[in-house]
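The block underneath contains the structure these notes are about, expressed in structure tokens.
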Amino acid sequence: MFILKRVVSGGGIIVPRCTSHSVRNFSACHCLRSTKRLSPYNTVDSERYSSLVKSVMTSRTSSQTPETLQEEDENIYGPVIKAQTSKSRQDERVPKILHQFLQSEETMEAEELESGPPVQIPLKRDKGSPFIPSVTRILQQTLSPEQIFYLERWKKRMIAELGEDGFKEYTQNLFRQGKLFHSALEGILTSGVTIKDKSSGTAEDPAEVQGYLESISHILDDIGAVRAIESTVQHDTLNYVGIVDCVARYRGVLCVIDWKTSDKPKPFLSNTYDNPVQVAAYAGALNSDGNYKYQVENGLIVVAYKDGTPAHAHQLSAELMLQYWKTWLLRLEDFAEQRSSHTSSVYAKNK
DNA sequence: GGATCCTTCTTCTTCTTC
């Protein structure tokens, strides 16, 4: 088996073509005879092992199979939490009740709504009123077993590298940067000065957000008619709240915009994990919220980078938003189920 | 005044050789 692996990684046995000299039979080519290092594997009876080698080559698996990887992870990180549903089954799942994403046919496209400063509705939690969960909380509590596994693994690796305190400092720093970036943007977008003039930031902006602001400057060029900043949205029937980063026109289309900071590049929408679901959840709430007299069908996720590298902007079409709205409804169902099973278990305990 | 809330982020395979 060792020989086989070496043959495979050494290459050129199954497809014995010499790429330098277009000689079909690599072992017959003069370059092989003249090379300083003659591989002992050239003497391997390739005919005899061809089917075996072929099976290895075509299976596209490395010596580390999912099984061995899992075994290794279990040894290092403890048992893996298995997915409850397969991906295909998850795709087939449909919300029990398909709540509307858009509320009324008559979408107010009135120009007068676009004039004036953006709204900023603060979050009010009345003491007497029942607790309403937030978008972030629901997303956090309904992560898939895979997500939990990868996050836990990442956390353990980071702690192993930085230590408990180092890791705490690292995450605090990430949060601080995100918050500073958001507040700097809030200042830029709410100020009367045109976005473009302010996109480079101001003297008051801390040095560590300058790169992020530079990163999104080309995005800000395409943003106009800012209508809401850091504003609370509440779904009137689905009973959840959230705070939208921004509602504005991006390239002429009204969007719920979510600003993100990231150390790693996120060039694809799939790199943003639950962010699209979060945006769809906000938009759906906003569309049902009487405080907003318009509907938002599109979304935008902007990932900014500290070193000033141009941000990645992921635009969510109305169609995509509907798709993520359904995912959100499923997450809401899971959350409700979780809560009811929790309360019933508490009830049983107290009985 | 203290506690809590909403956010802020973090994930997706891995190894060697020329």
> Of the residues A:Ala281, A:Ala304, which single one is within 11 Å of DNA strand B (Cβ to nearest atom) and touching a strand residue (DSSP E or B) at 6+ places or on another chain (Cβ under 6 Å)?
Replying inline: A:Ala304
>> Given the criterion farther than 20 Å from A:Gln140 by Cβ and either away from DNA strand B (no atom under 13 Å from the Cβ) or acidic (Asp, Glu) (or both), identify the matching residue among A:Asp274, A:Asp263, A:Asp258.
In response: A:Asp263
>> When the residues of segment A:296-323 are narrowed to those that are closer than 11 Å to A:Phe101 by Cβ and touching an Asp or Glu at 6+ places or on another chain (Cβ under 9 Å), which ends up surrounded by the most Cβ atoms within 10 Å (Cβ to Cβ)?
In response: A:Met321
>> Give me the strands (runs of 3 or more DSSP E) completely within segment A:216-284, filtered to those with at least 2 residues that are under 30 Å from A:Glu146 (Cβ atoms), ordered by residue number.
In response: A:241-250, A:253-262
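The rows are residues; the columns are (1) assigned by TED's automatic domain parsing to the domain that holds A:Asn275; (2) surrounded by fewer than 22 Cβ atoms within 10 Å (Cβ to Cβ); (3) in contact with an Asp or Glu (Cβ under 7 Å, 6 or more places away or on another chain); (4) without any contact (Cβ under 8 Å) to a residue 60 or more places away in the chain.
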position: A:Val209; (1), (2), (3), (4): yes, no, no, yes
position: A:Tyr212; (1), (2), (3), (4): yes, no, no, no
position: A:Ser217; (1), (2), (3), (4): yes, yes, no, yes
position: A:Glu230; (1), (2), (3), (4): yes, yes, yes, no
position: A:Gln234; (1), (2), (3), (4): yes, yes, yes, no
position: A:Thr237; (1), (2), (3), (4): yes, yes, no, no
position: A:Val244; (1), (2), (3), (4): yes, no, no, yes
position: A:Val247; (1), (2), (3), (4): yes, no, no, no
>> Just to verify a result, which residue in segment A:138-161, among those that are more than 7 Å from DNA strand B (Cβ to nearest atom), more than 26 Å from A:Gln234 (Cβ to Cβ) and not hydrophobic (A, V, I, L, M, F, W, C), is nearest to the chain's Cα centre (by Cα)?
In response: A:Ser144
> Mind checking which residues of segment A:257-285 are of a type in the set (A, V, I, L, M, F, W, C) and within 12 Å of the chain's Cα centre (by Cα)?
Replying inline: A:Phe268, A:Leu269, A:Val277, A:Val279
> If you check A:Ala184 against the conditions, is it surrounded by 12 or more Cβ atoms within 10 Å (Cβ to Cβ), in a helix (DSSP H, G or I) and more than 8 Å from DNA strand B (Cβ to nearest atom)?
Replying inline: yes
> So which residues in segment A:324-338 are open to solvent by less than 50 Å² (accessible area, probe 1.4 Å) and hydrophobic (A, V, I, L, M, F, W, C), if there are any at all?
Replying inline: A:Trp325, A:Trp328, A:Leu329, A:Leu330, A:Leu332, A:Phe335
> Taking segment A:102-124, which residues are at pLDDT 70 or above and open to solvent by 100 Å² or more (accessible area, probe 1.4 Å)?
Replying inline: A:Pro117, A:Lys124
> Hey, among the residues in segment A:169-196 that are more than 19 Å from the chain's Cα centre (by Cα) and among the hydroxyl-bearing types (Ser, Thr, Tyr), which one's modelled with the lowest pLDDT?
Replying inline: A:Thr194
> Does A:Lys127 satisfy the criteria of being within 10 Å of DNA strand B (Cβ to nearest atom), exposed (fewer than 14 other Cβ atoms within 10 Å of the Cβ) and in a loop (DSSP other than H, G, I, E, B)?
Replying inline: yes
> modelled with pLDDT of 95 or more, out of contact with any His (no Cβ under 6 Å at 6 or more places or on another chain) and either farther than 19 Å from A:Val302 by Cβ or more than 13 Å from DNA strand B (Cβ to nearest atom) (or both): does that describe A:Arg227?
Replying inline: no
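The values are calculated or read from the model by the stated rules, or taken from the named source; none is laboratory data. All of these numbers come straight from a predicted model, not from anything done at the bench. Here Cβ is always computed from backbone atoms with ideal geometry, including for glycine, and neighbour counts include all displayed protein chains. Each accessible area value is taken on the protein alone, full model and side chains, heavy atoms only, with ligands, DNA and RNA left out. Shrake-Rupley method; radii C 1.70, N 1.55, O 1.52, S 1.80 Å.
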